Amino acid sequence: MKHIIFVIIILLATACGEELMTYDVSTDMPIVESYLQEGANSLTVKLYSMEVYLKDGYEFSNPIGGLQLNINGKSLTETAAGTYSLNLGNDTIRGLQNYSLSFEYRGKTVSASTDIPKPVTGLSIEPTYITRTSTSYFWDTADTTEIRLAWDDPDHSYYQIYIESPATSDMPDMGGGTTFRRRMMQPFQGDSYTTTSREFRTAGNYSIYVYRVNKEYVDLYERISATDLANPSSAIENAFGIFTAMSVAKTGFQVIEIAEEE
């Protein structure tokens, strides 16, 4: 993916150990991480072992290499430890196509499939910019200007909004030890999203992405957000993790700094 939007770094790989063992989940099962993006000309699948809690310590998660992975009958190449890729050349991942993954692991066939969502169309934003003085970025709570995103949603799909702030942001630490650079909203169904000017706390050009995501992604996102790792959901046969697809549209938003009135 050109833009990594997901903070789901397959927590199953690093946080499940003792809880999963309690529920008799096989720790021999691999963990799959793959997000196929409509319009891309390549795809990637990552494989991990599960972290296991033992009486005398932990067996940590590691990449799983040396396997033969296939998607729609085409072989992937291991480009890094546990990372398998397929370059589609002049072709692209197209909306409404089905992609099926399969490989053998410890005597079992791991398989999964996902449908590529249709492209996100009709994306608009209103307004396209706001103005602020240098002192109003953090402290002007009276400014509640609404910024509204809208798009076409003919089939009641799931969407996720991702806001990327200016790369040159010099926004100071607000006390939590980090500064705002990227923010991801929870998946939802609808054809619009409204926020306020408080979301845009520094001057510059913002990139806003609207992703159309599949239900298997939403299910895993909600499970991990609820920290319910003892009962993991998986749409993958003989494995945990995620094999899913999305489409995306991008728009821009600008915060313009103006001089303060004397």
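What to note about this one:
- Some residue of the stretch 48-62 being at pLDDT 95 or above, in the same structural domain as Asn87 (by TED's automatic domain parsing), under 19 Å from Ala112 (Cα atoms) and under 25 Å from the mean Cα position of the chain (by Cα): no
- Any hit, the stretch 135-150, residues being among the hydroxyl-bearing types (Ser, Thr, Tyr), touching an Asp or Glu at 6+ places or on another chain (Cβ under 9 Å), modelled with pLDDT under 95 and surrounded by fewer than 13 Cβ atoms within 10 Å (Cβ to Cβ): yes
- Residue within the stretch 225-240 that is at pLDDT 85 or above, outside any loop (DSSP other than H, G, I, E, B) and surrounded by 15 or more Cβ atoms within 10 Å (Cβ to Cβ) present: yes
Yes/no per residue for (1) loosely packed, with under 12 Cβ neighbours inside 10 Å; (2) touching a residue at least 12 places away in the same chain (Cβ under 8 Å):
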residue	(1), (2)
Gly73	yes, no
Gly89	yes, yes
Leu96	yes, yes
Ser102	no, yes
Arg106	yes, yes
Val110	no, yes
Ser113	no, yes
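- Residues of the stretch 186-215 that turn out to be assigned to a loop (DSSP other than H, G, I, E, B) and at pLDDT 90 or above, as a count: 5
The values are calculated or read from the model by the stated rules, or taken from the named source; none is laboratory data. Because the structure is a prediction, the values reported are computed rather than measured. In this analysis, Cβ positions are derived from the backbone assuming ideal geometry, glycine residues included, and neighbour counts consider all displayed protein chains.
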